[in-house]
1. In this structure, does Ser83 turn out to be under 26 Å from Arg296 (Cβ atoms) and of a type in the set (Gly, Ala, Ser)?
2. Restricting to region 269-298, name every residue that is open to solvent by less than 60 Å² (accessible area, probe 1.4 Å), in a helix (DSSP H, G or I) and at pLDDT 80 or above.
3. Determine whether Ala114 is open to solvent by 50 Å² or more (accessible area, probe 1.4 Å), touching a residue at least 40 places away in the same chain (Cβ under 8 Å) and not in a helix (DSSP H, G or I).
4. I need a count of the residues in region 64-90 that are touching a residue at least 12 places away in the same chain (Cβ under 8 Å), out of contact with any Leu (no Cβ under 6 Å at 6 or more places or on another chain), open to solvent by less than 80 Å² (accessible area, probe 1.4 Å) and not in a helix (DSSP H, G or I).
5. For residues that are in a helix (DSSP H, G or I) and open to solvent by 10 Å² or more (accessible area, probe 1.4 Å), scanning just region 91-106, find the one that is nearest to Arg159 (Cα to Cα).
6. Just to be sure before I move on: is Val161 modelled with pLDDT under 95, in contact with an Asp or Glu (Cβ under 9 Å, 6 or more places away or on another chain) and over 16 Å from Ser231 (Cα atoms) in the structure I sent?
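The values are calculated or read from the model by the stated rules, or taken from the named source; none is laboratory data. None of these values were measured; they are calculated from a predicted model. Cβ sites come from the backbone with ideal geometry, for glycine too, and all protein chains shown count toward neighbours. Each accessible area value is taken on the protein alone, full model and side chains, heavy atoms only, with ligands, DNA and RNA left out. Shrake-Rupley method; radii C 1.70, N 1.55, O 1.52, S 1.80 Å.
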Amino acid sequence: MAQVVHNSRAGHRAFAGAGVLSSYVRTAVLMSALIALLAIGGRAVGGVQGMLAFGAIGVGLNFVMYWFSDRVALLAHRAQEVSRAEAPTLFAIVERLTRRAGMPMPRIYLIPSASPNAFATGRNPNHAAVAVTDGILQILSERELEGVLAHELSHVRNRDVLIATIAAGVAGLISTLGHVLQWGLMFGGGSRTDDERGSGLAALAWIIVAPIIALLIQLAISRSRELGADSAGAALSGDPDALADALVTLEQSKTVRPYEFAGPATSHLFIVNPLRGGAASALMGLFSTHPPTVERVRRLRAMSRGQLRG
């Protein structure tokens, strides 16, 4: 029996590899697009020196956000650290998964909310925290909870917090550049040559379009990392169907038990978006931090059957 379980997990890891690799390729392409937008805006503001200056500001902001993001997120959601005696089942599952993944044990937090959800944060595996709501402990079976926690630990192991922080920082910097260019056009003054007017029109187009593109890319990176954590988490637990079942339950439950601490700044951290969703459409999907749950479940079911194609 043990050999059967081992072979099953090995097979899931093999099929997960294609999904994780595909997710990282998408992330790398999207991050490159963000950096290209930033470089174009920096040159428009002040040539190469302007590009370098804004790049330096972006690095500084990213460092601060990255270093303190875990504390801010935990405080924002009223999360309280719990001991092994207070949450023995939770600790047992996380310990089992971290041993399997070769990771340090993260801090465990409980969020006082009946809405079932969970998130992980922390700048690296040595400074990580996993937070779950009261509601998720009540509504999921131990098997489903293990699938959720494997997903969250995969975010930590894959440094997804760092990736999300950099993406948000670069996108925010692009938006700031847009404001700088806007004021420059407003108070540039004086008569202009045809070339200068052409440059002004190009800058105006960048001001309008670039922040929107940056936001869309940032959200696409978030969706890509969720798919990567689904694949890696399912491989870690060895049970893709458990995570799929949990996602179905969590998606259905969030409308019945809305999350009272939800906010757009941290919604991307959670395993399912805690914000109330609107009408499903391809356009709305572009502005979502998470892939459609139906698509996530489909991929996990395919992974369970050994049919994942990335």
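1. The answer is no for Ser83.
2. Once the filter is applied, which keeps residues that are open to solvent by less than 60 Å² (accessible area, probe 1.4 Å), in a helix (DSSP H, G or I) and at pLDDT 80 or above, region 269-298 yields Leu269, Thr293, Arg296, Val297.
3. yes
4. Going through region 64-90 one residue at a time, the tally reaches 3.
5. If we take residues in region 91-106 being in a helix (DSSP H, G or I) and open to solvent by 10 Å² or more (accessible area, probe 1.4 Å), then Ala101 is nearest to Arg159 (Cα to Cα).
6. Spelling it out, Val161 is indeed modelled with pLDDT under 95, in contact with an Asp or Glu (Cβ under 9 Å, 6 or more places away or on another chain) and over 16 Å from Ser231 (Cα atoms).
Conditions (1) under 30 Å from Arg305 (Cβ atoms); (2) buried (at least 21 other Cβ atoms within 10 Å of the Cβ); (3) among the small types (Gly, Ala, Ser); (4) modelled with pLDDT under 95, marked per residue:
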position: Leu204; (1), (2), (3), (4): no, no, no, yes
position: Ala210; (1), (2), (3), (4): no, yes, yes, yes
position: Ala214; (1), (2), (3), (4): no, yes, yes, yes
position: Leu219; (1), (2), (3), (4): yes, no, no, yes
position: Gly233; (1), (2), (3), (4): yes, yes, yes, no
position: Asp239; (1), (2), (3), (4): yes, yes, no, no
